[in-house]
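The values are calculated or read from the model by the stated rules, or taken from the named source; none is laboratory data. Given the structure is predicted, the values throughout are model-derived calculations rather than measurements. With ideal geometry, Cβ positions are generated from the backbone for all residues, glycine too; neighbour counts draw on all protein chains shown.
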Amino acid sequence: MSEAVRPGALAAPARLAVGLRVAVFARLLALQASWNHQRMQNLGLLVCLMPWLRARPRDPERDRLFCRRYFEFFNTNPYLAGYVVGGLLRLETEREDAGGLPRGQAQVFRDSLARAFASLGDQLFWLGLRPTVALAGCVLALTGQAWPVVGLGAAVAAGQLAWRWHALGRGYAAGYDIVGLLGDPRWHRAIAGAKRAVRVLAGLAAGWLLRHAWEGSAQVGAAPGAFVAVVVVALALPAVVRRRWAGEFLVLATGLLALLLAFALGPKGS
Amino acid sequence: MTPVDLVAGVTGAHWALVGWLSLLAGLLALDETAFAQTWLSQPLAAATLAGLLCGHPELGLAVGLPLQLALVMNLPVGQSLTGEASVAAVAVVGGAVLAGSVPAALGGFHGAVGGAPAGAPAGDLALAGWLLLGAALLSLAGHPLVQAERRLHLVWMLQGRRTLRDGSLARVDRIHGRCLVATMLRGAVTGGAGVLAVAGLWVPAYGALPGAVGRALAWVPVLAAALGLGAVFERYGVARHWGWVGAGVVAGWVLGVLT
């Protein structure tokens, strides 16, 4: 049974070896491959940490205990998981000669960081950057050219890969000090900025849509004013109804709505 | 084109295209959750890539733009539905190309409409609306498949408990790799089947629609996009941030004048 150790008391190399970092990074990209409803990313986390374990001489008992430590429930934001994985590798390296990381210590570090980064990731990535990029892509698509959209996709992919590479190294370098990183005010500034960008870009797309509703009403056989009014109502409807439906249901509901409107406002109805 | 005509009439080049589209759908299914999670599996990027693969990027944009706007608030935060929007986007774009139908895009550049219902205005948005409905249905149909795959992951993951007894690291790697392959196969198979279903059933059904329905379909891309943007305003709030939203609306109107 390994003993508890004071955080940061044991020595470990300041950086991850490049080969190990590449191997962990590649597996980090597939963190969610075996996502399941019971333990979520547990197997993904274990697979990410495996290159570190494989770099050591085989010891079935040590391997068994290592797997047991990381087979439990784990869930965090995939873009920020590098910080947690890097931190765990640092802790494991520090405790390598002292019988390995105690299970409780690994659990507390893993679970508390995973929760904090999941919450941060929800706000920054899922509610901030993802809609921002989606709407920026839509604005680029308004030009009618495909390549700017693909270019944006490639740039975002490259950017997030670079971010995840950096997160892994930063997590390892910080170890226990990663907790301090969570208090950085830049996270919250970035979240606020991304949400502001969402509002501006959504407004931009709405303005473009209204303009083309005015111009393109002939395409749907309605008067320009009526078509614009319908688009304004559609823009306001979710806020009035206050129900959050999946987009697929919005599209299907639109089919029914369109049928009614075409009869009411179209050439035969008007 | 009926399904029988489709299967009988497709050439080797068409089957090759179905194969490439299946591969793209498989890769995008991986990208959606299992691997990398870049932005390329979002509906707009997926449809655009499928359009480029088929040599019709404008079709990718015509389907992808309204689909992306409608689905922009499909976020993996507290969601209860896990559709397969990227696979659906690829299937709809590929199916339309295979059936020889290219719709008009939202707001301007016009394409030829193949087999439009009687009464639907030429060069209209009706086919885009029909394809959008098809994409939504295909995406919804993917939900039970995704859930079934996740239940399978659970079964496999629990097999990994044996490693806790014998310390076999290779077993864990194998299980994880099996999950990746399962996701890729699910995307590729549903993508290929979707392409054939759209080309053989969905697009031919468009030509048989009554004219009034065809006219109504032209509303779908615009209204779906507006409802999607409305969902953004609902979640992010307009009242407290009217300045930013208003600036965007004005800029968008000017952009609309210029484009």
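Summary of computed values
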| quantity | calculated |
| --- | --- |
| Test: residue in the range A:196-219 that is more than 8 Å from chain B (Cβ to nearest Cβ), within 24 Å of the chain's Cα centre (by Cα) and assigned to a helix (DSSP H, G or I) | yes |
| Test: residue in the range A:97-104 that is over 17 Å from A:Y172 (Cα atoms), without any contact (Cβ under 8 Å) to a residue 60 or more places away in the chain and either of a type outside the set (F, W, Y) or buried (at least 20 other Cβ atoms within 10 Å of the Cβ) (or both) | yes |
| Filter pass, A:R164 being at pLDDT below 95 and either on the phi < 0 side of the Ramachandran plot or crowded, with 22+ Cβ neighbours inside 10 Å (or both) | no |
| Subset of the range A:223-261 [among the small types (G, A, S), at the interface with another protein chain (Cβ under 8 Å from one of its Cβ atoms) and either out of contact with any Phe, Trp or Tyr (no Cβ under 7 Å at 6 or more places or on another chain) or farther than 30 Å from B:V254 by Cβ (or both)] | A:A234, A:A236, A:A246, A:G247, A:A253, A:G255 |
| Options A:W214, A:W187, A:W147: the member that is hydrophobic (A, V, I, L, M, F, W, C) and under 17 Å from B:L40 (Cβ atoms) | A:W147 |
| Residue among A:F227, A:F249 that is under 23 Å from A:L142 (Cβ atoms), of a type in the set (F, W, Y) and part of a helix (DSSP H, G or I) | A:F227 |
| Count of the range B:230-245 residues which are part of a helix (DSSP H, G or I) and either touching a Pro at 6+ places or on another chain (Cβ under 9 Å) or more than 7 Å from chain A (Cβ to nearest Cβ) (or both) | 11 |
| Tally, over the range B:123-174, of residues that are farther than 30 Å from B:Y206 by Cα and in a helix (DSSP H, G or I) | 24 |
| Qualifying positions in the range B:247-259 - within 7 Å of chain A (Cβ to nearest Cβ) and at pLDDT 85 or above | B:A247, B:G248, B:V249, B:V250, B:A251, B:G252, B:W253, B:L255, B:G256, B:V257 |
| Flag if B:V220 is touching a Leu at 6+ places or on another chain (Cβ under 6 Å), more than 9 Å from chain A (Cβ to nearest Cβ) and buried (at least 24 other Cβ atoms within 10 Å of the Cβ) | no |
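Rundown of residues vs (1) of a type outside the set (S, T, Y); (2) touching a helix residue (DSSP H, G or I) at 6+ places or on another chain (Cβ under 8 Å); (3) closer than 30 Å to A:T254 by Cβ; (4) more than 7 Å from every other protein chain (Cβ to nearest Cβ), yes/no style:
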| residue | (1), (2), (3), (4) |
| --- | --- |
| B:L132 | yes, yes, yes, no |
| B:A135 | yes, yes, yes, yes |
| B:H143 | yes, no, yes, yes |
| B:Q147 | yes, no, yes, yes |
| B:V155 | yes, no, no, yes |
| B:Q159 | yes, yes, no, yes |
| B:T163 | no, yes, no, no |
| B:L169 | yes, yes, no, no |
| B:V172 | yes, yes, no, no |
